[in-house]
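What follows is a set of notes on a single structure, which appears directly below.
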Amino acid sequence: MTLSASNISWSVGAASIVDDVSLEVREGEFLGLIGPNGSGKTSLMALLSGIRKPRSGEVILDGVPIGRMGRREVARHLALVEQQAETADRITARQAVELGRTPYLGPLSPWSANDDAVVEATLENVDMAHLAGRLWHTLSGGERQRLHIGRALAQKPKILLLDEPTNHLDIGHQIGLLDLVRRQGLTVVAALHDLNHAAMFCDRIAVMQAGRLVAVGRPFEVLTAERIRDVFGVEAAIEIDIEGGCHIRFQAQSGRGGRSVSMGDGTGKRFSRS
Ligand SMILES: Nc1ncnc2c1ncn2[C@@H]1O[C@H](COP(=O)(O)OP(=O)(O)O)[C@@H](O)[C@H]1O
Ligand SMILES: [Mg+2]
């Protein structure tokens with residue numbers, strides 16, 4: 001199952017929001033999408049998921065232009081967890097996950113024991129089985145976010161699109177959630193704000209700047225001090241460890257003004273500056 005965009009653009013009035021983006025998502029990879037607020041990450045996700053149609057260019061899902069596929073068909077291949085995914089409804093944790101089965105239900109295919117089994121297994125998978133009966137509004141941010149992922153996983157997609165899935169979570173829950181997502185072994189495209197998390201979890205990183213895709217590559221290729229300065233306007237020191245891991249240390253923009261010195265991480269691994 002492959003997903004690719006070729007020269008897609010989307011604009012509102014005269015404002016170009018997504019500008020001539022081409023991107024091939026590789027099967028099974030965890031692709032991070034980074035870029036400042038307003039750079040077009042959410043808009044690009046909406047185009048990739050087919051919920052928005054590009055002005056020009058095309059998104060291809062498994063060899064078929066996504067615009068020619070029905071919503072249900074797309075939803076059986078690809079699940080999107082939106083940035084402001086909230087639900088005001090009075091539903092339980094289990095019912096939130098059950099929503100993921102919608103693309104499989106119809107007059108000729110009513111809810112079945114298989115759907116129950118999928119929901120049950122998914123609640124276990126996202127560690128929410130013990131809270132299955134709890135009402136949505138009584139759950140914590142981390143629990144809700146696990147249910148959003150659970151709802152998407154219950155769709156049994158091959159491709160998962162996540163827009164800032166770790167927003168509002170503490171550090172433990174951020175790492176836990178990204179770990180959970182990676183364990184699924186799906187093709188993942190995730191808009192992430194934390195560059196160190198992107199470096200930790202992503203096979204490749206795509207960088208958006210003012211609607212354009214300005215870089216795609218492995219974390220250590222993409223996350224250079226020059227690019228972070230150019231795209232985010234922040235000074236950073238980058239350390240590449242001996243396993244190719246990429247660590248970013250941001251530097252204060254004013255104040256002492258000293259340069260950060262590479263000192264290793266205490267594990268005995270040696271760092272070299274890129
Ligand atoms: N429906 C819309 N109408 C007008 N402007 C929009 C719309 N959606 C997004 N934008 C604008 O497009 C730009 C990119 O937004 P967005 O895709 O949400 O960026 P990001 O997710 O990177 O923060 C922003 O300037 C935003 O205001
Ligand atoms: Mg966004």
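Read-outs: derived from the displayed coordinates by stated rules, not from any lab. These numbers come from a predicted model, not from an experiment. Cβ coordinates were reconstructed from backbone atoms using ideal geometry, including for glycine residues, and neighbour counts include every protein chain displayed.
The fraction of all Cα pairs in segment 172-238 landing in successive 5 Å bins from 0 to the largest distance is 3, 15, 27, 25, 15, 11, 3, given as whole percents.
Once the convex hull of all Cα atoms in segment 43-157 is built, its volume per residue stands at 121 Å³. Within the shell of other residues whose beta carbon sits under 12 angstrom from the beta carbon of residue 54, the net charge comes to 0, with Lys and Arg scored +1 and Asp and Glu -1.
For segment 105-230, the equivalent ellipsoid derived from the alpha-carbon gyration tensor has semi-axes of 32, 17, 12 Å in decreasing order. Once every Cα of segment 3-232 carries one equal point scatterer and solvent is ignored, give the base-10 log of I(q)/I(0) from the Debye formula at q = 0.07, 0.15, 0.16 Å⁻¹, two decimals. After summing over all Cα pairs, the log10 values are -0.22, -1.02, -1.14.
For segment 3-232, the dipole from Cβ point charges (+1 on Lys and Arg, -1 on Asp and Glu) about the Cα centre works out to 420 debye, to the nearest 20. Helix-only arithmetic for the chain: the sum of -39500 (n - 2.57) across DSSP H runs with n ≥ 4, divided by the residue total, places the mean residue ellipticity at 222 nm at -8500 deg cm²/dmol.
Close Lys pairs in the chain (alpha-carbon distance under 26 Å; sequence gap of 8 or more, or different chains): 5.
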